[in-house]
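K.L.:
Please read through the structure below; I'll follow up with questions.
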Amino acid sequence: MDKTRRNFMKDAGVLTAGVVTVSLASKDAAAETRDTGGDPSKRWAMVVDLRKCIACQACSVACIMENKVPYDNFRTIVSTYEVKDGDKVGIFMLPRLCNHCEEPACIPVCPVGATYQKKDGIVVVDNTRCVGCGYCVQACPYDARFINPKTRTADKCTFCTHRLEAGLLPACVETCVGGARVIGDIKDPNSEASKLLATNEVKVLRPEMNTQPHVYYIGLDSRFQGKVGGEEALWRPGRDHEESLR
């Protein structure tokens, strides 16, 4: 692109990202007019009790079926790590998903305002607006986003907000064999999630990022707080699962 054209596009308020051209002039207007939804009196959060997780991946399978997650991608998964202590070898399980942060790193980098936070704290993506630039995928400290190969837009866990709005539990919570996942309104001191936070020592992943994540872990070894790089698990979504969704 020559210098004259670059200056023209800069003056016109246009951003180019690879083959994607986005008008920045519409971003603020879109943000002002969008109904973010969600009940502002609630703040959804998830508490994961690692003492109860058996890495059965029922949560991962349920999420795939509920949200039609494409092959070799995930909205939630249980990563497994081999742990050695002298001659002993064990397995550490770490369920991972979008952390629905109070200060999400994914929102300010979106050039079109497609990623936003609902009034109840749930972070979602407007797929009719997303241009698939992948900036949010790179910005997420938790390796919890991907570009959906079918829709060509950003995808991630939504806490199954469509189910919450219908009075149902997220698919991963409903199918958790050991009852390791609990979701609740932490503005309500009587919710199960609030009680767990009040009576247990909890940790979050990558606290140094200052995003204030709202997925809390009971029994998380501090040595694993930074283990969010997408390490291969013993099980991952396979092509057979994708075929079953067609």
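What follows is calculated from the coordinates using simple rules that are stated; it is not laboratory data. These figures come from a predicted structure and were not determined experimentally. Cβ sites come from the backbone with ideal geometry, for glycine too, and all protein chains shown count toward neighbours.
K.L.:
Over the alpha carbons of region 121-182, what is the largest minus smallest coordinate on each principal axis, giving the biggest first in Å?
P.N.:
Taking the Cα atoms of region 121-182, the three principal extents are 37, 24, 24 Å.
K.L.:
For region 170-210, list residues with backbone N below 18 Å from a point placed 7 Å from the Cα of SER41 toward its Cβ?
P.N.:
184-192, 194
K.L.:
Below 8 Å, C-alpha to C-alpha, sequence gap of six or more: please give me the relative contact order for region 93-133 in percent.
P.N.:
Values: 34 pairs, mean separation 13.0, N = 41.
Reported relative contact order: 32 percent.
K.L.:
In addition: Below 8 Å, C-alpha to C-alpha, sequence gap of six or more: please give me the relative contact order for region 95-214 in percent. Numbers along the way, then the final one.
P.N.:
Working: 162 pairs, mean separation 30.2, N = 120.
The normalised contact order for region 95-214 reaches 25 percent.
K.L.:
Next question, about the same structure. Using the structure shown, list the pairs from LYS52/LYS150; LYS119/LYS156; LYS68/LYS118 with a Cα-Cα distance above 28 Å, or answer none.
P.N.:
Values: LYS52/LYS150 35 Å; LYS119/LYS156 18 Å; LYS68/LYS118 22 Å.
Over 28 Å Cα-Cα: LYS52/LYS150.
K.L.:
To continue, here is another question. Given H placed on each backbone N at 1.01 Å, which residues far from THR153 in sequence or on other chains put an amide H within less than 5 Å of it?
P.N.:
Those qualifying (amide H under 5 Å, at least 5 residues apart or on another chain) are ASN148.
K.L.:
Expressed in nm to one decimal, what extension gain is obtained for the pair ARG152 and GLU103 from 0.36 nm per residue of sequence separation less their Cα-Cα distance? Could the numbers behind the result be given before it?
P.N.:
Numbers: separation 49, 0.36 × 49 = 17.64 nm, distance 2.55 nm.
Additional length available on full extension: 15.1 nm.
K.L.:
I'd like the FRET efficiency for GLU165 and ASP85, computed as 1/(1 + (r/R0)^6) with the beta carbon distance as r and R0 of 45 Å, rounded to 0.05.
P.N.:
Working: r = 45 Å, r/R0 = 1.00.
For GLU165 and ASP85, the calculated efficiency is 0.50.
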